[in-house]
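Novice: Structure below; questions to follow.
Values in this text are rule-based calculations from the coordinates and carry no lab data. These numbers come from a predicted model, not from an experiment. All Cβ positions, glycine included, derive from the backbone under ideal geometry; neighbour counts span all protein chains shown.
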Amino acid sequence: MQASDWIEIRRSRDRTPIAEAALVLSAVDIDNRIEHHERQWLLLVPEQHASSAESQLDRYVEENRPSIEFKPRVITFDNGWAGVAGYLFVIWLLPSLETLSVLDWNWREIGAMQAGLVASGEWWRTITALTLHGDLGHIVANSFFGAIFGLFVGRYLGSGFGWLLVLLGGAFGNYLNALMQAASFVSIGASTATFAALGISGAFIWRRGYHRGGGWRRSFAPLFAAIALLAYTGVGGERTDVLAHFTGFACGVTLGMLAATFDIRRLGHSGQFIAGGLAFWCVLYAWISAGSAA
């Protein structure tokens, strides 16, 4: 074949794209060659194969075009501190009421999560137990982790709606824990709700796709991070109720995934206020139920 039978189909100052195109053509058995002329790299093919060579290269470019994945806009509702303040107010109020023997109640006896009593119908213990703590170290630890995990919940779901879900996650987590423990098992502390908050925020951010793009590892990063924090902070200590941490986290993940399907903006400011008020009312009603039963 004479030189005049070859025609140029690509040229570039950089040899890399020309070599890549030549490799593509060689893979589909189209004869080609590379030449260097006046500081340009040229890709030549036989004239009768020019059309099919162009088609193959165009197809290769189209198939390897990087896909553009649009991330959803991150929606936040507040800085999260209002919900944290409400949470801290409740769990620090109860020790004062208990110390002062307000209403002549034995707060710990009527409010602790005792598995047998919960299973027999005393549902309020799944909530009241979240507000009781064993000692100063216990309440300080739950205050710290609850504030950190709760900030994300309030930021992405709103301090009202978000903390209502945290309360529900903690209550359902305690209920599941009660069903799996011996009837005599007793537990107190807000850690079930704390890990519910961790599960809610991780699952919600994951399902909303706020970390989408850059591969599946980045997409699942919020959920992986939540699981890692659960493993790191939720299994230590002799008196740690590990099962409650895992049930709370599991309930939180479920609620977070469900919440991600709902447009929280529809609640508006009034809806967030009502949801927050409902969370306080649930705690109050649980304690009224506990006192009435006592």
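Novice: Show the residues, 5+ positions off or on another chain, whose built amide H is closer than 5 Å to the amide H of Ile7.
Specialist: The answer is Val45, Glu47.
Novice: Work from the charge dipole of the chain (Cβ charges, +1 for Lys and Arg, -1 for Asp and Glu, about the Cα centre) and give the residue of Ile200, Thr131, Thr254 farthest towards its positive end.
Specialist: Thr131
Novice: Calculate, for Val242 and Val186, the FRET efficiency according to 1/(1 + (r/R0)^6) with r their C-beta to C-beta distance and R0 25 Å; round to the nearest 0.05.
Specialist: Between Val242 and Val186 the formula returns 0.95.
Novice: Here's another thing I want to ask about it. Counting pairs of alpha carbon atoms under 8 Å apart in space and at least six apart in sequence, what relative contact order in percent does region 24-68 give?
Specialist: Reported relative contact order: 33 percent.
Novice: Continuing with this model, one more query. Which one, Gly86, Phe161, Ser101, is farthest towards the positive end of the dipole of region 60-165 when Lys and Arg carry +1 and Asp and Glu -1 on their Cβ?
Specialist: Farthest towards the positive pole: Phe161.
Novice: Between exposed GluC sites (Glu not before Pro) in the chain, where DSSP calls loop and at most 15 other Cβ atoms lie within 10 Å, what's the longest gap?
Specialist: Between the exposed loop sites, the longest stretch runs 70-237.
Novice: Tell me, what is the percent relative contact order of the chain, built from C-alpha pairs under 8 Å that lie six or more residues apart?
Specialist: 19
Novice: Follow-up question, since we're still on this one. Note down the nm distance, to one decimal, between modelled labels 7 Å out along Cα→Cβ at Val28 and at Leu93.
Specialist: Using points 7 Å along Cα→Cβ, the separation is 7.2 nm.
Novice: Determine the gain in length on full extension of the stretch Leu179-Arg65; use 0.36 nm per residue of separation and subtract their C-alpha separation, reporting nm with one decimal.
Specialist: Taking 0.36 nm per residue and subtracting the Cα distance, the gain is 35.7 nm.
Novice: Would you pull out the residues with amide H under 5 Å of Leu132's amide H, same chain only if 5 or more places away, H placed 1.01 Å from N?
Specialist: The answer is Gly189.
Novice: Still on this structure, please answer the following. Anyone know which of Val253, Val61, Val140 comes out most mobile in the 10 Å Cα GNM of the chain?
Specialist: Val61
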